[in-house]
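Below is one structure, written out as structure tokens; comments come after it.
The values are calculated or read from the model by the stated rules, or taken from the named source; none is laboratory data. Note that the coordinates shown come from a computational prediction; the quantities given were computed from them, not determined experimentally. Here the Cβ is made from the backbone with ideal geometry for all residues, glycine too, and neighbour counts use every protein chain on show.
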Amino acid sequence: MTVRTLAATLLIVMATAVSAQSMPEGQNTNPIQPLDFTSETERERYHSLIGELRCTVCQNQALSSSDVPLAADLRNTVYRLIRDGRTDFEIRQFMRERYGDFVLYDPPLAGHTLLLWAGPPLLLIIGAVLSVVIVRNQRRRMAERAPAEPPAES
């Protein structure tokens with residue numbers, strides 16, 4: 001073993017030991033708290049809503065799959081609002097007022113989101129038109145470059 005390999009191995013072992021000691025034994029950084037629902041419908045609403053709402057910290061990740069502390073707080077807020085008797089619309093509206101349209105995976109159609117909704121179809125149309133123009137130009141160039149047909153031999 002070379003000195004560099006030995007040094008690198010030693011550094012990895014030491015870093016692992018230090019990180020293992022920095023967490024007190026038995027302490028969990030992301031404790032799972034069981035939620036009590038009054039009905040299966042309430043449970044389904046909760047899971048549906050946390051699947052529809054986006055974590056404001058993570059890049060394109062739903063609240064249901066995010067592990068950051070803010071996502072846990074937002075899940076608890078959704079749970080509390082459900083328990084308070086709010087409708088799904090009221091919960092979405094609450095989150096939207098607090099965090100903006102970004103929190104919704106399907107933002108509403110409005111003036112400031114029009115480009116978001118119209119952008120993909122417009123890009124598709126522009127791409128199709130450009131493809132047709134490019135293909136036609138290439139065919140025309142190939143036809144111009146093609147040598148004239150040789151005279152027929154008798």
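Structure above, values below:
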read-out: Residues of the stretch 35-63 that turn out to be part of a helix (DSSP H, G or I), crowded, with 17+ Cβ neighbours inside 10 Å and not β-branched (Val, Ile, Thr), as a count; value: 5
read-out: Inter-residue pairs, beta-carbon under 6 Å, first in the same structural domain as Thr56 (by TED's automatic domain parsing) and farther than 14 Å from Ile50 by Cα and in the stretch 86-102, second modelled with pLDDT of 90 or more and in a helix (DSSP H, G or I), 6+ apart; value: none
read-out: Search result, residues across the stretch 36-72 that are under 17 Å from Leu104 (Cβ atoms) and of a type in the set (D, E, K, R); value: Arg45, Glu52, Arg54
read-out: Considering residues of the stretch 100-125 that are small (Gly, Ala, Ser) and modelled with pLDDT under 80 only, the residue surrounded by the most Cβ atoms within 10 Å (Cβ to Cβ); value: Ala110
